[in-house]
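J.: Below you will find the structure I want to go over with you.
The values are calculated or read from the model by the stated rules, or taken from the named source; none is laboratory data. Everything numeric here is computed off the predicted structure, so don't read it as measured data. Backbone-built Cβ (ideal geometry, glycine too); neighbour counts: all protein chains shown.
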């Protein structure tokens, strides 16, 4: 039995998408955010997303998208979910969800009280995602490879399923799941050989670490 289901995020080529699917990831993610080394246009991600048909759900990661970008992603990529990684309000999440796409709302976490911010979203979003809070001055809200204090999530209960993210890798993911009870995990930089370049061997090691 797998400790948790996984999302491999920031994918950008057929080889690593194929290897990710072969390893049994439940979600694959594509980042559309020019400041990220994992940036890919929705139209370029579409043939990669098609590879997941019947195998995994697809996620488009965006940051405070305007209506034009939401339209572009929905039209050109057609993901199962939009992962909102910025400061999107509950009202904005609901408006985007009305386009017929699921919502994963990401939150930066550094202390227990940060969990309070999820409450207005619980009746709106499909999944929550907890990432390390970006340091002051960072030009990206996530994908920075930082770990936060996992004890913050010990005993955490939510009516909405949630992902643990932030600095996960093949070496620490099993312990992270044991400490937090996370049902889902999200990894990007932890399975790369260089920023934006996924490593199939590390993807395999990550997925193996989740297997009992």
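J.: If you take the residues of the range 178-195 that are surrounded by 18 or more Cβ atoms within 10 Å (Cβ to Cβ) and in contact with a helix residue (DSSP H, G or I) (Cβ under 9 Å, 6 or more places away or on another chain), which of them is farthest from residue 147 (Cα to Cα)?
T.: Among those that are surrounded by 18 or more Cβ atoms within 10 Å (Cβ to Cβ) and in contact with a helix residue (DSSP H, G or I) (Cβ under 9 Å, 6 or more places away or on another chain), it is 192.
J.: Take the range 95-107 and flag every residue that is surrounded by 15 or more Cβ atoms within 10 Å (Cβ to Cβ) and in contact with a helix residue (DSSP H, G or I) (Cβ under 7 Å, 6 or more places away or on another chain).
T.: 96, 101, 103, 105, 107
J.: Out of 145, 166, report the one residue that is touching a residue at least 12 places away in the same chain (Cβ under 8 Å), within 24 Å of residue 17 (Cβ to Cβ) and in contact with a strand residue (DSSP E or B) (Cβ under 6 Å, 6 or more places away or on another chain).
T.: 166
J.: Right, next: Do we find that residue 137 is in a loop (DSSP other than H, G, I, E, B), more than 30 Å from residue 178 (Cβ to Cβ), at pLDDT 95 or above and out of contact with any strand residue (DSSP E or B) (no Cβ under 9 Å at 6 or more places or on another chain) in this structure?
T.: Answer is no for this residue.
J.: On to the next question. Can you tell me how many residues within the range 72-94 are buried (at least 18 other Cβ atoms within 10 Å of the Cβ) and in contact with a helix residue (DSSP H, G or I) (Cβ under 8 Å, 6 or more places away or on another chain)?
T.: 8
J.: Taking the range 106-130, which residues are farther than 16 Å from residue 82 by Cα and assigned to a strand (DSSP E or B)?
T.: Scanning the range 106-130 gives 108, 109.
J.: Shifting gears a bit: Does any residue of the range 51-64 turn out to be closer than 15 Å to residue 191 by Cα and touching a strand residue (DSSP E or B) at 6+ places or on another chain (Cβ under 7 Å)?
T.: No.
J.: Failed condition for residue 200, given (1) modelled with pLDDT of 95 or more; (2) under 16 Å from the mean Cα position of the chain (by Cα), with all others met?
T.: Looking at each condition in turn, residue 200 falls short on (2).
J.: Of 115, 129, 122, which residue is crowded, with 20+ Cβ neighbours inside 10 Å, within 18 Å of the chain's Cα centre (by Cα) and modelled with pLDDT of 95 or more?
T.: Residue meeting the stated conditions: 129.
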